[in-house]
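Each remark here refers to the structure printed beneath this line.
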Amino acid sequence: CCLRHMLYNEPDFAEVESLLEVTCRAQGFQVVFLPKFHCELNFTEQCWGHIKCTYCQFPPLNSEANLEHNVIAALDAVPLCTMHQFATQSLCFMDAYRKGLDGKQAMWAKRY
């Protein structure tokens, strides 16, 4: 615990990019790390929630092929406009947090 904290505060360690960052940058991608336990800041978490709700509406099946079909159907069921709404909602939360609001205040503020 304490040694890990000391290690993460060392400039030589903290400034080194992770293997994930190096690999993605080499492929032309940018890696953005979001805070843990703040799914409202990550619109993909909201998409996964939508997908899981859709998947649960399908009848339960035992065949692996049918399960795979239902997963793909649930993934395809998320419209692009809904993904845009989730992304906009995440941006609203980020803006509220930047302005110093807490979670409850951000929920209230994003409605307006």
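The values are calculated or read from the model by the stated rules, or taken from the named source; none is laboratory data. Treat the numbers as computed from the prediction; the structure is a model and nothing was measured. Cβ sites come from the backbone with ideal geometry, for glycine too, and all protein chains shown count toward neighbours. Keep in mind that these areas ignore ligands, DNA and RNA; they rest on the heavy atoms of the full protein, side chains included. Shrake-Rupley method; radii C 1.70, N 1.55, O 1.52, S 1.80 Å.
List of remarks:
- For first residues located in the stretch 44-64 and over 15 Å from M83 (Cα atoms), partners that are surrounded by 10 or more Cβ atoms within 10 Å (Cβ to Cβ) and of a type in the set (G, A, S) and lie 6+ apart or on another chain with Cβ distances below 8 Å form the pairs Y55/A74; F58/A73; F58/A74.
- Within the set P60, P11, the sole residue that is over 28 Å from M94 (Cβ atoms) and of a type outside the set (S, T, Y) turns out to be P60.
- Some residue of the stretch 42-51 being open to solvent by less than 100 Å² (accessible area, probe 1.4 Å), modelled with pLDDT of 90 or more and of a type in the set (S, T, N, Q): no
One line per residue, one yes/no per condition, for (1) out of contact with any helix residue (DSSP H, G or I) (no Cβ under 7 Å at 6 or more places or on another chain); (2) not hydroxyl-bearing (S, T, Y):
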residue: L3; (1), (2): yes, yes
residue: V22; (1), (2): yes, yes
residue: C39; (1), (2): no, yes
residue: C53; (1), (2): yes, yes
residue: P60; (1), (2): yes, yes
residue: S63; (1), (2): yes, no
residue: F86; (1), (2): no, yes
residue: L101; (1), (2): no, yes
residue: W108; (1), (2): yes, yes
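- Here L19 fulfils each of the conditions (1) of a type outside the set (G, A, S); (2) surrounded by 10 or more Cβ atoms within 10 Å (Cβ to Cβ); (3) modelled with pLDDT of 80 or more; (4) within 23 Å of the chain's Cα centre (by Cα) apart from (2).
- Any pair with Cβ under 8 angstrom, 6 or more apart, that starts in the stretch 96-107 at a residue that is under 12 Å from E40 (Cα atoms) and ends at one that is of a type in the set (F, W, Y): A106/F93; A106/Y97
- Restricting the stretch 52-85 to residues that are under 15 Å from the mean Cα position of the chain (by Cα) and open to solvent by 70 Å² or more (accessible area, probe 1.4 Å), the residue that is farthest from K104 (Cα to Cα) is K52.
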